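> Encoded as structure tokens, here's the structure I'll be asking about.
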Amino acid sequence: MKKTLIIIGVIVLIIALYVWTSFNGLVSMKEGVTAQWQQVETDYQRRFDLIPNLVESVKGAMKQEESIFTAIADARTRYSGAQTASDRALAAGQVETAFGRLLVVMENYPTLKSIETVQNLMTQLEGTENRIGVARQRYNDGVRVYETTIKRFPKSVIASMFGFDDINYFEADSGAENAPKVNF
């Protein structure tokens, strides 16, 4: 009888340790994904800080492209007011679309490229866009690992017991695969 109680105690202890370590592992993964999203947002903020400077530099040389500048400002405002990661990703996609239109305009005005301020800001924005791409990839990698973990048995049982919910991947806006078009 004493041996049976010891065996049952050891089994309960092993199960408890597994649940404990699994829970802590899931918490760490979820926090890692959250941290990666914060990096994406940090890079977005850098972009949003640089874009107005570029816009103002370009505005000085081009008054007729007001709709692009308005679209960029509106998209930045929507991003600032977004409450969820999905809403922020959608708003960031709208900024990218408007920014893409601005780049097309700049391609059509070679004199803009020769302005040193514009060149410097474009270089900084290119670097920022690369950072954003890397941060998004890392975020999606973290989401993939987390999602795989919470959906595989037996951790799926522990994840559902403790409320570990799905996290959305970052996805590009529909139509993002098309190059922006600007008509003069």
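The values are calculated or read from the model by the stated rules, or taken from the named source; none is laboratory data. For clarity, every value in this text was computed on a predicted model and none was experimentally measured. Counting neighbours? That spans all protein chains shown, and the Cβs are built from the backbone with ideal geometry, glycine included.
> For a quick check of your reading of the model, give me the residue pairs whose first member lies in the stretch 15-27 and is of a type in the set (S, T, N, Q), whose second is surrounded by 13 or more Cβ atoms within 10 Å (Cβ to Cβ) and in a helix (DSSP H, G or I), with beta-carbon atoms closer than 7 Å and at least 6 apart or on different chains.
Once the first residue is of a type in the set (S, T, N, Q) and sits in the stretch 15-27, its partners that are surrounded by 13 or more Cβ atoms within 10 Å (Cβ to Cβ) and in a helix (DSSP H, G or I) give SER22/LYS155; SER22/ILE158.
> Go through (1) surrounded by fewer than 16 Cβ atoms within 10 Å (Cβ to Cβ); (2) modelled with pLDDT under 75 for VAL105 and report which single condition fails.
(1)
> So which residues in the stretch 1-43 are of a type in the set (Lys, Arg) and surrounded by 12 or more Cβ atoms within 10 Å (Cβ to Cβ), if there are any at all? So that I can check it myself, show each step before the final result.
The initial filter retains those residues of the stretch 1-43 that are of a type in the set (Lys, Arg), namely 2-3, 30.
Residue satisfying the conditions is LYS30 alone.
> I'd like to know if the stretch 162-169 contains one or more residues that are among the aliphatic types (A, V, I, L, M), in contact with a Lys or Arg (Cβ under 9 Å, 6 or more places away or on another chain) and either over 24 Å from ALA73 (Cβ atoms) or modelled with pLDDT under 70 (or both).
yes
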